1. One residue is enough: does segment 268-279 have a residue meeting the conditions in a loop (DSSP other than H, G, I, E, B) and over 20 Å from residue 156 (Cα atoms)?
2. Do we find a residue being assigned to a helix (DSSP H, G or I) and either in contact with a His (Cβ under 7 Å, 6 or more places away or on another chain) or open to solvent by less than 10 Å² (accessible area, probe 1.4 Å) (or both) anywhere in segment 217-225?
3. What's the total number of residues in segment 226-260 that are open to solvent by 10 Å² or more (accessible area, probe 1.4 Å), away from the ligand (no atom under 16 Å from the Cβ) and either in contact with a strand residue (DSSP E or B) (Cβ under 6 Å, 6 or more places away or on another chain) or within 16 Å of residue 186 (Cα to Cα) (or both)?
4. Quick one: which residue in 111, 129, 123 is in contact (Cβ under 8 Å) with a residue 60 or more places away in the chain and of a type outside the set (Asp, Glu)?
5. If a residue counts only when it is outside the structural domain of residue 206 (by TED's automatic domain parsing) and touching a Cys at 6+ places or on another chain (Cβ under 7 Å), which strands (runs of 3 or more DSSP E) contained entirely in segment 292-396 have at least 2 such residues?
6. Filter segment 59-116 down to the residues that are polar (S, T, N, Q) and closer than 30 Å to residue 352 by Cβ, then identify the one that is nearest to the ligand (Cβ to nearest atom).
7. Just one of (1) modelled with pLDDT under 95; (2) touching a Phe, Trp or Tyr at 6+ places or on another chain (Cβ under 8 Å) trips up residue 158, so point out which.
Amino acid sequence: MTSEQASTEHGKHGFETRAIHAGYEPDPTTGAVIPPIFATSTYKQDGVGGMRGGYEYSRSGNPTRTALEGNIAALEQGERGFAFASGLAAEDTLIRALTRPGDHVVIPDDAYGGTYRLVDKVAQPWGLAYDAAPVSDVDAVRAAIRPGTTKLVWVETPTNPLLNIGDIEALAAVAHEAGALLVVDNTFASSYLQQPLTLGADVVVHSTTKYAGGHSDVVGGALVVRDLDLAEKLAFFQNSIGGVAGPFDAWLVLRGLKTLALRMERHSDNAERVVEFLTSHPGVEQVIYPGLAEHPGHAVAARQMKRFGGIVSFRLKAGEQAALDVCAATELFTLGESLGGVESLIEHPGRMTHASVVGTDLEVPADLVRLSVGIETADDLVADLDQALAQVLGRA
Ligand SMILES: *Cc1c(COP(=O)(O)O)cnc(C)c1O
């Protein structure tokens, strides 16, 4: 079965049903309920060109990867999905498929550091121009577009780590007006909380390393589109460049997606508890979470997201050193990069994930701490932050 068939067939089902069933039918020879890890590079042909199910060579297609590609396409309500070895491999393939030297793209002014590096240090030297604009300001994005030359308007929402919110519907209109495509990096929200293709986006990007995989045990990426011409182009570039997800990695991500809905509900519950605690803490200058009524993107987020997710950022009144010390003082929140796993993580964006943008327009505040709130017992997470803040700031 092609991923295309598998994703549309489950179109009438709810998210949780699609997460568990889309992309794969029990194996016809054994009845295996879960797709095998097809650890094979090549496939026996029944006579020259007589391929079974279209499989010829595993860079071009592998049944475990097909299952994942069909599944994630169904979750995003797209027509076709493509799975890659990492989020950045997906992004690189997308940029090379849809832009040429002399073209221009607009990226978020607080883009994921690796996306910024890819555009600034890899694509720009090949002749791709770019401007950075705040995704929360539709007029600023419109002003950054060069009609005719801008091919992609690239948006993250929520952004990393400042959790700015872009209005996907409005940004799609602005991009389309100028003949550009809207790309939405949906990594932070996950396919459960937000489905950008249903709001007018043309391409969804994921680092499946994060919530999609969900267990911090795999690095992967994905693209999902609705338009079949666009899908053909991406399929050609995916095969030509070759940054594909291996079968075991594809299997891990597919396994992760089955519980995405449950995990995102708990991530959101726990994040709300953490936000409630931090908001009332005297040492905290500001809590940044789109679920807070005072967050400038709250109304848009409430409209386009099912809930507000598991990422919480906060600033410390005592400044950078206190932020660094808090990151070192937690016991359950593990100090580390990445996000979206079942375990809670803490990090200092200025010195860690966003160190490469220090000194640029994309620099983040030095007193900022980012939490990826996991699915442990909420009381334990709050108690851990309480003791860490007390260690660093003294009892209030
Ligand atoms: C991690 C991440 C990426 C890059 O994905 P990798 O799997 O690390 O290559 C892209 N966008 C966002 C928002 C991310 O968090």
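1. Just the residues of segment 268-279 that are in a loop (DSSP other than H, G, I, E, B), to begin with: none.
No; the residues of segment 268-279 include none that is in a loop (DSSP other than H, G, I, E, B) and over 20 Å from residue 156 (Cα atoms).
2. Going through segment 217-225, the residues assigned to a helix (DSSP H, G or I) turn out to be none.
No.
3. The number of residues fulfilling the criteria is 1.
4. Numbers: 129 fails: in contact (Cβ under 8 Å) with a residue 60 or more places away in the chain; 123 fails: in contact (Cβ under 8 Å) with a residue 60 or more places away in the chain.
Exactly one of 111, 129, 123 is in contact (Cβ under 8 Å) with a residue 60 or more places away in the chain and of a type outside the set (Asp, Glu), namely 111.
5. 345-347
6. Filtering segment 59-116 for residues polar (S, T, N, Q) gives 60, 62, 64, 66, 71, 77, 86, 93, 99, 115.
With the extra rule that they be closer than 30 Å to residue 352 by Cβ, the set shrinks to 86, 93, 99, 115.
Values: 86: 3, 93: 12, 99: 18, 115: 6 Å.
Top of the filtered list is 86.
7. The one condition residue 158 does not meet is (1).
Every residue, every condition in (1) open to solvent by 70 Å² or more (accessible area, probe 1.4 Å); (2) among the aliphatic types (A, V, I, L, M), yes or no:
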| site | (1), (2) |
| --- | --- |
| 321 | yes, no |
| 329 | no, yes |
| 336 | no, no |
| 340 | no, no |
| 346 | no, yes |
| 349 | no, no |
| 354 | no, no |
| 362 | no, yes |
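The values are calculated or read from the model by the stated rules, or taken from the named source; none is laboratory data. Please read these numbers as outputs of a predicted model, since none were measured by experiment. For neighbour counting, all protein chains shown are included, and Cβ atoms are generated from backbone atoms with ideal geometry for every residue, glycine included. Side chains are part of the model used for accessible areas, which takes the heavy atoms of the whole protein and leaves out ligands, DNA and RNA. Shrake-Rupley method; radii C 1.70, N 1.55, O 1.52, S 1.80 Å.
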